[in-house]
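A.B. asks: Can you keep this structure in mind? I'll have questions shortly.
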Amino acid sequence: MTNPSSQSVLFAASEVSLTNRPKRAKPPVSSGVIGMLIFMVTEAMFFAGLISAYMVIRSGIEEWPPWGQPRLPVETTAFNTLVLLLSGLTMGFSRNLLQKQKFQEGRRLLGISLLLGTFFLVAQGYEWVQLLNFGMTVSSSVYGGLFYLIIGAHGFHVVGVLAVLIHAWNRLGASNNPITAEGLLPLQLLWYFVVCVWPVLYVLVYLT
Amino acid sequence: MSQAAAAVETGIHAEHHEDLNFLHKYILPLDHKIIAMQYIFTGMIMAIIGGYFAYAFRMQLAFPGELVPGYGLVGPGEYNMLVTNHGTIMIFWVAMPVLIAGFGNYLIPLMIGCDDMVFPRINRLSYQIFLVSALVLILSFFVKGGGFGGAWTAYPPLSSVAEYNLTDWGSSLWVLAVALEFISFLLGGINFVTTAMNARAPGMKMMDIPIAVWFIVIAVILFMASVGPLIAGAVMLFMDQRIGTTFFLPSGGGDPLLWEHLFWFFGHPEVYVVLLPTLGIVADIITVFSRKKLFGYKTVLYTAFATGGLSFVVWAHHQFIAGIDPRMANIFVVTTVLISIPLAEMMFSYIATLYGGSIELKTPMLWALSFLAAFLIGGVTGIYLGASALDVYFHDSYFVLAHFHYTFFPITIIGMFAALTFWFPKMFGRMMNETLGKIHFWGTFIPFNCIFLPLFFLGLAGQHRRIYNYQHFPDLATQELQNIRIFATVSLVVMLLFQLVFVYNFFVSMFKGEKAPDNPWRANTLEWSTSSPPPHGNFKKLPTVYRGAYEYSTPGREEDFWPQNVAPE
Amino acid sequence: MHLQHFLLFPFLLGLLFAPEIANACAVCFSSSEETLEAFYFTTIFLTLLPVVMLFTIGYWLYSKHRKT
Amino acid sequence: MIEYFILSASSFSGDIDNLFLVITLIIGFWFILVFGALVYFTLKFRRKDGVKAEYITGEKHSETKWTHYPHYAVIAMDVVIIAANIIVWVNIKQTLPPKDNLIRVIGQQWSWSFVDAGPDGVLDTADDITTVNDLHVKVDETYHFELQARDVIHNFSVPVFRLRQDALPGRTIKGWFKPTNTGSFDIQCAEMCGYGHGIMGGAITVHTKESYDETIVQIKNGTYESHYQKRMGTKTPLPSNTSHTEGHNSFAVLLASIF
């Protein structure tokens, strides 16, 4: 029962070279996907909280949008929505290609979907500038506050996921230690999430 | 996080078991054990702050208007700040980091037999964000106007309008600290779930996982699924405070009830988030010290699932008299009372585990049994408060306060001491002093009951919470009630003094204690099969698991325990 | 469990619909019918969404594990 | 049981006390049973040299019954509790008995305003009687109240009536009570409302018909002395610290002096 390795008081000092790494069966679902799924539950609940807030506040106000506030550009944003959905689609195709070991084509398609995502972001930003010019700010009314909160929260996610995906896109083409299709999947899941949440928000904020 | 997720898939984190310098070993560690220590020690420091706050406001209640030794005068605003931050610290900066992040980090990889968390970098980031959040909270006490004083529930418009709460930056920093803290635990939680799912030692089936790991994982899943709306709410509250939106301000078209919904949607599952880890730890301790198999492993597990599921559908019972539809309240009465069923069954299982055992009352076992006893009181008094008609009388009274201290104190403090005394040999390679441990146990447990049992009677007498001085309420300003308050305060001081015994025991044992063998308690789970303390990488030879975690006193064996990793003959 | 469902169900039905006036109700009188509905809807939405999501993911993982 | 600690002075306070008693009996039974088992097992099954613990998995049918039967009993008791609770709850919060008088209760930082609708029973008319921190009601008459808050969330709480209700800014909440005992009692604010939450008290005085009329006359001609102030004066209250202004010796200053 003696313990040769505990020389140090606080924490063991001896470092063991783990030549015998665990020989576990490959898990049916990779860690990245499980981690991303549980993270997406949190994200979904985050947006559910925002949606609830929108519905409750909205229901308490008779005139919507309130007097003196601009209406939202429904048509251009509908086009924008299509662009975002399309980027989700190309993302799916790129995964298919990557799984079939066609890295060049897959990478190109991933790049296209990232460009589409960037287009969506820029178009949304342009829309914000126009709305601000019309005098709709965060504090001009609770309507403006909710709009910028919900659309901004989504936009923030788009920016974050795009940044990580662009990094992954670089790594796909790297000569040493390139990212694999499996390694890319969690990030793609997050992109699907961002794409899938948008139509819900669009219907909620723009159409109703 | 996603980068690290990608890194794992490409096998990048395989090279981190090397000799490291002090900075990388203790300050910026990737080793889950060191990160766990960081969480536990930070949590204990925050517990000292929380305890100090409790001391200050209890002294004010017992001796109103007099200078509190070691603090000074407690004015009304400061009293509010003290109670608010006592609650916030004890739940978010003590219970969560010590029980979930601390022991979760320490126990999950060791108990399921893997070398580290699946995403060590996220783990490190999680602690760093947590540390920042703690610093932001401490900073909020020192800004102009003082710390936030609008109760830990932070109901707007009080919390959202500076003219109402008179603590402009204090309340903003408070919200910021809480939000950061949630993000930190989100990152940690991802690790816990994936590690328990995918990194188990070969041979470990679902039903071989120790209950402690199961319960921490269930708690984390509950946390992850419930925290989203509150993060949304915190963002909205922060915007209300700082950039002039009116989400929670009725005059601007907002709705204060909305915050209550978002807050309690998280706030109630949170109770089970901190409860489940302690229940799991206690299950492991009582089986070891009664040398018994856990009575109905599957039953206990399923009741935990049921508790978790039900915890999402009970939250509105905090709002029975807050103006939600009384018809809806009836539904929540039913669900709230129903949650007593799985918890009662779990309690029966634990107590049935003791039956026919060979019980050794070592310090960790005393803590575990006292947890069951104290939590029993907290649990049964919860039935009163789940009944909406009684909530009409008890809402925000000392009865509520005594009830949730009878749940949170056992969960947080008793659970923390149980776990620390039990795993101390594994953590530091030394044994704790048993006599001092027992003195500390009785010196904590008896005063604890003396503090909070009388508060039930104050609550029955109609005393309401968060009042710095009861002289404005003549029915409550009587000498009899004041004597009860003084008794509770004196008990608190006695209890705090006894904590010095623990601090002494802890640090002296850490450096000078008797050397601990690998498996001092003769327990079955995998962490006891490696050396004490475990090396970086945990196991020299990765264990293979052959059986469940609770094979004690198996018939036909010489020894009364059968470690999970010992191959059958 | 069957016994308990059997007993509770009529209770729930009776209490939900029977009382005509709900007097201590902030959302019933001083604001519109829509607010009441919004609170009902969001309560049910927030309550059921995590349960449904976790159950779906849990079942999916379970079935994946069973296949291997 | 609550009535041993505090007077029961409204028509529904007895119901709440009885509900408390019912629940106490039920959970008291469980508490003694479970606590007794815990203590008994701990004492009985102490470690003895050479005696091995029994091997009980708790998964055989003959063993699971020991948790399942109590489990069913818990369900049955729960149904009783739910039923008893809902009867009382429906009586207090979901039904509105016909009114004799109407008052408006307004919470603000940090005092209560009360508007009595007067003889005509309509608010916002000339015969309204407005008082601050003092509510005067007649015994054995049903009062409807409209609860409002000016700034933050307050809670109108009268412990002797077993009455608590949150007041939300921007909304009006209706409720009722019917006093059954005369006397002067505390009104509390039972929801954190900021700096002065600890001073936000009031007095409710339940009058007989005669003394009520007398008080109303006094209020109208200005010779009235606040019952709240009187109550605060007659009791010998705790030593006060309201005379000190805020924290010249505050926490921040104290810590700043250390660093």
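Rule-based calculations on the coordinates, nothing more; no lab input. Just so you know, these numbers come straight off a predicted model, no measurement behind them. With ideal geometry, Cβ positions are generated from the backbone for all residues, glycine too; neighbour counts draw on all protein chains shown.
A.B. asks: When you take every Cα atom in the range B:102-172, what is the radius of gyration, and what is Dmax, the widest Cα pair distance, in Å?
C.D. replies: For the range B:102-172, the Cα radius of gyration and maximum Cα-Cα distance read 18.3, 55 Å.
A.B. asks: Would you please give the FRET efficiency between D:THR182 and C:GLU37, computed as 1/(1 + (r/R0)^6) with r the Cβ-Cβ distance and R0 = 56 Å, to the nearest 0.05? Before the final figure, lay out the partial values.
C.D. replies: Numbers: r = 44 Å, r/R0 = 0.79.
For D:THR182 and C:GLU37, the calculated efficiency is 0.80.
A.B. asks: Separate question: Output the relative contact order of chain A, whole-number percent, from Cα pairs under 8 angstrom with separation of 6+ residues.
C.D. replies: On the way: 141 pairs, mean separation 50.2, N = 208.
In percent, rounded to a whole number, it is 24.
A.B. asks: In addition: Net charge near B:GLY296, counting Lys/Arg +1 and Asp/Glu -1 over other residues with Cβ under 14 Å of its Cβ?
C.D. replies: Counting the neighbours of B:GLY296, the net charge comes to +2.
A.B. asks: What FRET efficiency would be calculated for the residue pair B:LEU453, B:VAL132, taking the C-beta separation as r and a Förster radius of 30 Å, to the nearest 0.05?
C.D. replies: Computed FRET efficiency for B:LEU453 and B:VAL132: 0.20.
A.B. asks: Please list, in chain and number order, the residues 5+ apart from D:GLU146 or on another chain whose amide H is under 5 Å from its amide H, with Hs placed from the backbone.
C.D. replies: Amide H neighbours of D:GLU146: D:ILE103, D:ARG104, D:VAL105.
A.B. asks: Provide, for q = 0.05, 0.08, 0.10 Å⁻¹, the log10 of I(q)/I(0) from a solvent-free Debye sum over equal Cα point scatterers in the protein assembly as shown.
C.D. replies: Relative scattering, expressed as log10 I(q)/I(0), comes to -0.34, -0.88, -1.36.
A.B. asks: I would also like to ask the following. With angles folded into 0 to 90 degrees, how steeply does helix A:181-201 sit against the dominant principal axis of chain A? Use alpha carbons for both and round to 10.
C.D. replies: Result, in degrees: 20.
A.B. asks: Which of the helices in chain B, when you take each full DSSP H run, stretch at least 20 Å along the axis at their Cα atoms and have an average Kyte-Doolittle score of 1.6 or higher?
C.D. replies: For chain B, where a helix must reach 20 Å along its axis and average at least 1.6, the hits are B:211-242.
A.B. asks: Here is a further query. Pull up the cross-link candidates among the aspartates and glutamates for C:LYS64, meaning alpha carbon to alpha carbon under 20 Å and not fewer than 8 places away within one chain.
C.D. replies: Qualifying aspartates and glutamates at Cα under 20 Å: A:GLU182, B:GLU9, B:ASP208.
A.B. asks: Determine the relative contact order of the range B:78-212: mean sequence separation of Cα pairs under 8 Å and six or more apart, normalised by residue count, in whole percent.
C.D. replies: Relative CO of the range B:78-212 lands at 37 percent.
A.B. asks: Within the range B:157-253, list the trypsin sites (Lys or Arg not before Pro) lying in a DSSP loop whose Cβ has at most 14 other Cβ atoms in a 10 Å radius.
C.D. replies: Filter output for the range B:157-253: B:LYS205.
A.B. asks: So what is the diffusion coefficient of the range B:337-394 in µm² per second by Stokes-Einstein at 4 °C and 1.567 mPa s, using a Kirkwood Rh over Cα pairs? Could you put the intermediate results ahead of the total?
C.D. replies: Details: Rh = 13.1 Å.
The calculation lands on 99 µm²/s.
A.B. asks: Follow-up. In the protein assembly as shown, which cysteines lack any other cysteine Cβ under 4.7 Å from their own?
C.D. replies: So, A:CYS196, B:CYS114, B:CYS450, D:CYS189, D:CYS193.
A.B. asks: Right, here's the next one. For B:LYS293, go through the lysines and keep the ones whose alpha-carbon is under 25 Å away, minus same-chain ones fewer than eight residues off.
C.D. replies: B:LYS205, B:LYS362, B:LYS426, D:LYS44, D:LYS48, D:LYS52, D:LYS60, D:LYS65
A.B. asks: Principal axis extents for the range B:147-228, Cα atoms only, whole Å, descending order, please.
C.D. replies: The Cα atoms of the range B:147-228 stretch 62, 18, 17 Å along their principal axes.
A.B. asks: Tell me which GluC sites (Glu not before Pro) from the range B:466-534 have a DSSP coil assignment and no more than 10 other beta carbons within 10 Å of their own.
C.D. replies: On the way: sites: B:GLU480, B:GLU514, B:GLU527; in loops: B:GLU514.
Nothing satisfies the criteria.
A.B. asks: Output needed for the range D:145-235: three equivalent-ellipsoid semi-axes, defined as square roots of 5 times the C-alpha gyration tensor eigenvalues, in descending order, whole Å.
C.D. replies: 24, 16, 14
A.B. asks: While we're here: If every alpha-carbon in chain A counts as one equal scatterer, what log10 I(q)/I(0) does Debye give at q = 0.08, 0.11 1/Å?
C.D. replies: These q points yield log10 I(q)/I(0) values of -0.42, -0.66.
A.B. asks: Another one. Which value in deg cm²/dmol, rounded to the nearest 500, describes the helix-derived mean residue ellipticity at 222 nm for the protein assembly as shown, given -39,500 (n - 2.57) per DSSP H run of n ≥ 4 and division by the residue count?
C.D. replies: -19500 deg cm²/dmol, from helical runs alone.
A.B. asks: Check the straight Cα-Cα distances from D:LYS174 and name the lysines below 26 Å, setting aside those fewer than 8 residues away within the same chain.
C.D. replies: Reachable lysines: D:LYS93, D:LYS99, D:LYS138, D:LYS209.
A.B. asks: Still on this structure, please answer the following. Explain nothing, just the number: relative contact order of chain B, from Cα pairs under 8 Å at least 6 residues apart, as a whole percent.
C.D. replies: 16
A.B. asks: For chain D, state the average projected area of the convex hull of the C-alpha atoms over all orientations, rounded to one decimal in nm².
C.D. replies: 24.6
A.B. asks: Further question on the same structure: Set the Förster radius R0 to 56 Å, insert the Cβ-Cβ distance between D:ASP49 and D:VAL122 as r into 1/(1 + (r/R0)^6), and round the FRET efficiency to 0.05.
C.D. replies: Details: r = 85 Å, r/R0 = 1.52.
That pair, D:ASP49 with D:VAL122, gives E of 0.10.
A.B. asks: Kirkwood hydrodynamic radius for the range A:91-208: how many Å is it when counted over pairs of different Cα atoms?
C.D. replies: Every distinct Cα pair counted, the radius reaches 15.7 Å.
A.B. asks: Distance in nm between label sites at A:ALA174 and D:GLU63, each 7 Å beyond Cα in the beta-carbon direction?
C.D. replies: Reported label-point gap for A:ALA174 and D:GLU63 is 5.3 nm.
A.B. asks: Which residue, D:LEU33, D:LEU43, D:LEU168, has the most motion in a Gaussian network model of chain D that connects Cα atoms within less than 10 Å?
C.D. replies: D:LEU43
A.B. asks: Right, next: Run through the range D:37-98 and list the trypsin sites (Lys or Arg not before Pro) located in a DSSP loop whose Cβ has at most 12 other Cβ atoms within 10 Å.
C.D. replies: Those satisfying the criteria are D:LYS48, D:LYS60.
A.B. asks: Let me ask another. Compute from the Cα atoms of chain B the Rg and the Dmax, the latter being the longest Cα-Cα distance, and quote both in angstrom.
C.D. replies: Final numbers for Rg and Dmax: 23.5, 76 Å.
A.B. asks: Once you put a point 7 Å from the Cα of A:ALA123 and another 7 Å from the Cα of D:LYS99, both along the Cβ direction, what distance in nm separates them?
C.D. replies: 5.6
A.B. asks: Counting only residues 5 or more places away or on other chains, whose amide H sits under 5 Å from the amide H of D:GLY202 once H atoms are built in the peptide plane?
C.D. replies: Distant-sequence amide H within range of D:GLY202: D:ILE187.
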